[in-house]
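The values are calculated or read from the model by the stated rules, or taken from the named source; none is laboratory data. Computed from a predicted structure; not experimentally measured. We place every Cβ from the backbone using ideal geometry, glycine too, and count neighbours over all the protein chains shown. Heavy atoms of the whole protein, side chains included, go into the accessibility calculation; ligands, DNA and RNA do not. Shrake-Rupley method; radii C 1.70, N 1.55, O 1.52, S 1.80 Å.
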Amino acid sequence: MSTMNSYRGKKTVLMFPRLGHGHISPFLELAKKLSNTNLFNIYLCSTPANLDSVKKNLKNDVDSPSITLVELHLSTLPELPPHLHTTNGLPLHLMPLLKEAFDKSSPQFSRILNTLKPHLLIYDMIQSWAPVSAADRGIPSVMFIATSATMAATMFHLYYFSEPRKGTPFPFPKFFFRTYEQNHMTEILESSANNVKDKNRVMGCVGKSSRIVLVKSFKEIEGDHADYLSRLTGKKVVSVGPLVANPPCHAEIVLTAFGSDKDCNITCVVLDGF
């Protein structure tokens, strides 16, 4: 495998999402976009529990590019069997344990880097040890925010301008949290696992990103929020598009049938996993 990074003169990119089930799809769609340029060899690394859904996606995608899946095996604990090495179906009280097991996989991830020798690591916003391991091997790395520029700008604003600097307003007044919503977001930022707060994990990740941060976003729609996010992080924010998976043919038929006899507009609500 030592010659993989020079196969056909292409550059090798290792994609490394967090174990949140809702983060796998954006990483996979970005991997497809990069692979379809025919300039990169793409490797997508996650646990077997997460990669099962990826395999099904690639199998059903008639235009599926060549993406190599790399398994990351976490330590199996009585409370955390292999099928729970993902947030999909994970009881909330086991979330800290999953994060701790993920942290402990760092040595195995380092061995994966040694084997693949990628030219670039694209990583998620919670495993700050991943870019450190890449830097130790001279591999540049870039963080990819798989939510949106608006959500990320809001979260970073809350991080920087929460207590005691409570009076700093969010510069986009049309977007705001109700009190109970802001309290919930603060709880997320303050939550911790393995003695590390999530907000510190995120800040560590963005600080180690090589000059730029990728974000799932439209510049035309979220340009102002992306610019604000850039000012908050000190990084150039690069929008990579909505990264929406191609729906199965039957889904298109259902949507057409649903809307064919309607005169009013239709609103679709999409719920993303954590």
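Yes/no matrix, rows are residues, columns are (1) in contact with a strand residue (DSSP E or B) (Cβ under 7 Å, 6 or more places away or on another chain); (2) closer than 22 Å to residue 188 by Cα:
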site: 80; (1), (2): no, yes
site: 92; (1), (2): no, yes
site: 97; (1), (2): yes, yes
site: 102; (1), (2): no, yes
site: 114; (1), (2): no, no
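Would you tally the residues in the stretch 14-43 being closer than 16 Å to residue 56 by Cα and of a type in the set (Gly, Ala, Ser)?
Within the stretch 14-43, residues that are closer than 16 Å to residue 56 by Cα and of a type in the set (Gly, Ala, Ser) number 3.
Restricting to the stretch 78-103, give me the number of residues that are free of Cβ contacts under 8 Å to residues at least 40 places away in the same chain and surrounded by 15 or more Cβ atoms within 10 Å (Cβ to Cβ).
Start the filter on the stretch 78-103 by keeping residues that are free of Cβ contacts under 8 Å to residues at least 40 places away in the same chain, which leaves 78-84, 89-94, 101.
From the residues that got through so far, the ones that are surrounded by 15 or more Cβ atoms within 10 Å (Cβ to Cβ) too are 80, 84, 90, 94, 101.
Of the residues in that region, 5 qualify.
Which of (1) assigned to a loop (DSSP other than H, G, I, E, B); (2) of a type outside the set (Asp, Glu); (3) crowded, with 17+ Cβ neighbours inside 10 Å does residue 75 not meet, given it meets every other one?
Condition (3) is where residue 75 drops out.
Given the condition under 19 Å from residue 24 (Cα atoms) and touching a Gly at 6+ places or on another chain (Cβ under 6 Å), answer yes or no: does some residue in the stretch 73-89 qualify?
Step one: of the stretch 73-89, the residues under 19 Å from residue 24 (Cα atoms) are 73-74, 82-89.
Okay, now just the ones that are also touching a Gly at 6+ places or on another chain (Cβ under 6 Å), so 87.
So far as the stretch 73-89 goes, yes, one or more of its residues are under 19 Å from residue 24 (Cα atoms) and touching a Gly at 6+ places or on another chain (Cβ under 6 Å).
Examine the stretch 34-44 for a residue that is more than 20 Å from residue 101 (Cβ to Cβ), open to solvent by less than 10 Å² (accessible area, probe 1.4 Å), touching a strand residue (DSSP E or B) at 6+ places or on another chain (Cβ under 7 Å) and of a type in the set (Gly, Ala, Ser), and state whether such a residue exists.
Residues of the stretch 34-44 that are more than 20 Å from residue 101 (Cβ to Cβ), as a first pass: 34-43.
Cutting the leftovers down to open to solvent by less than 10 Å² (accessible area, probe 1.4 Å) gives us 42.
Within this subset, residues satisfying the condition of being touching a strand residue (DSSP E or B) at 6+ places or on another chain (Cβ under 7 Å) are 42.
So of that shortlist, the ones also of a type in the set (Gly, Ala, Ser) come out as none.
Looking for residues that are more than 20 Å from residue 101 (Cβ to Cβ), open to solvent by less than 10 Å² (accessible area, probe 1.4 Å), touching a strand residue (DSSP E or B) at 6+ places or on another chain (Cβ under 7 Å) and of a type in the set (Gly, Ala, Ser), one finds none in the stretch 34-44, hence no.
Of everything in the stretch 192-211 that's within 15 Å of the chain's Cα centre (by Cα) and of a type in the set (Val, Ile, Thr), which residue is most open to solvent (accessible area, probe 1.4 Å)?
Among those that are within 15 Å of the chain's Cα centre (by Cα) and of a type in the set (Val, Ile, Thr), it is 202.
Return yes when residue 238 is at negative phi, outside any helix (DSSP H, G or I) and surrounded by fewer than 14 Cβ atoms within 10 Å (Cβ to Cβ) and no when it is not.
Numbers: at negative phi: yes; outside any helix (DSSP H, G or I): yes; surrounded by fewer than 14 Cβ atoms within 10 Å (Cβ to Cβ): no.
No, not satisfied.
Taking the stretch 105-156, which residues are surrounded by fewer than 17 Cβ atoms within 10 Å (Cβ to Cβ) and in a loop (DSSP other than H, G, I, E, B)?
Correct list: 119, 137, 138, 140.
Where the second residue is in a helix (DSSP H, G or I) and buried (at least 22 other Cβ atoms within 10 Å of the Cβ) and the first is free of Cβ contacts under 8 Å to residues at least 24 places away in the same chain and of a type in the set (D, E, K, R) and lies in the stretch 215-228, which pairs have Cβ atoms under 7 Å and are six or more apart or on separate chains?
As it stands, the answer is 219/226, since those pairs meet every condition given.
On the basis of being at pLDDT 85 or above and either polar (S, T, N, Q) or under 29 Å from residue 129 (Cα atoms) (or both), does residue 192 make the cut?
Values: at pLDDT 85 or above: no; either polar (S, T, N, Q) or under 29 Å from residue 129 (Cα atoms) (or both): yes.
No; evaluated as a whole, the condition is false for this residue.
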